[in-house]
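What follows draws every value from the coordinates through simple rules; no lab data is involved. Keep in mind that what you see is a predicted model, and the values were worked out from it rather than measured. Virtual Cβ from ideal backbone geometry, glycine too; neighbours counted across all protein chains shown.
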Amino acid sequence: MSMAEPFLLPPLVLRPTEETIRSRIGEVIGLILDEQAWTQPIRVERGTLAVLDGHHRLAAAIQLGLGRVPVRTYDYATVPLASWRPEIQPTRDEVLRRALAGQLYPPKTTRHTFAPEPLATVGLGRLLGGPERDPILRDEVSSRRLRTGTVPLHPG
């Protein structure tokens with residue numbers, strides 16, 4: 001499975017593929033606030049930024065007003081895809097097409113399988129607001145954004 005190191009992106013640039021469950025979003029918000037940190041990057045397809053895993057974390061970030069979230073990108077051809085719902089059998093092409101069109105699957109439809117990964121803990125304060133509010137990252141963000149359009153998770 002091909003994955004990249006985690007980095008930070010604004011949550012609104014990510015493309016959900018599934019609807020969410022309101023009560024679960026509340027649970028995730030509670031976990032983030034209790035920890036005062038984000039521990040699991042949102043997993044996305046690297047070309048389209050379609051969310052493969054982390055829809056409730058994404059919704060929580062948006063509700064919390066976070067300016068950026070940890071993201072890890074994947075080559076979708078290497079990510080196993082199944083369905084939690086026997087009546088829906090999505091394909092990779094269909095998942096990406098629907099993400100780009102904003103046609104969301106019902107909650108918990110697609111099942112993407114990932115190898116275990118180390119936690120990528122980022123303090124909540126670092127995720128609030130955009131890079132312009134983080135003087136330590138401002139220069140690194142500007143230069144990296146010019147090169148790649150992304151913000152590093154661990155600058156340096």
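Kirkwood's formula applied to the C-alpha pairs of the stretch 7-149 gives a hydrodynamic radius of 15.9 angstrom. Divide the volume of the convex hull around the Cα atoms of the stretch 48-98 by the residue count and you get 103 Å³ per residue. Subtracting the Cα-Cα distance of Ser23 and Thr78 from their residue separation scaled by 0.36 nm leaves 16.6 nm. In this Cβ point-charge picture (+1 for Lys and Arg, -1 for Asp and Glu), the stretch 7-149 has a dipole of about 240 debye about its Cα centre. Rounded to the nearest whole Hz, the Karplus-based 3J(HN,Hα) values (6.51 cos²θ - 1.76 cosθ + 1.60, θ = phi - 60°) of the stretch 94-104 follow the sequence 5, 4, 5, 4, 5, 4, 5, 8, x, 9, 7, with x at glycine and proline. Taking each residue as 0.36 nm, the span from Ile62 to Asp34 lengthens on full extension beyond its C-alpha to C-alpha distance by 8.4 nm.
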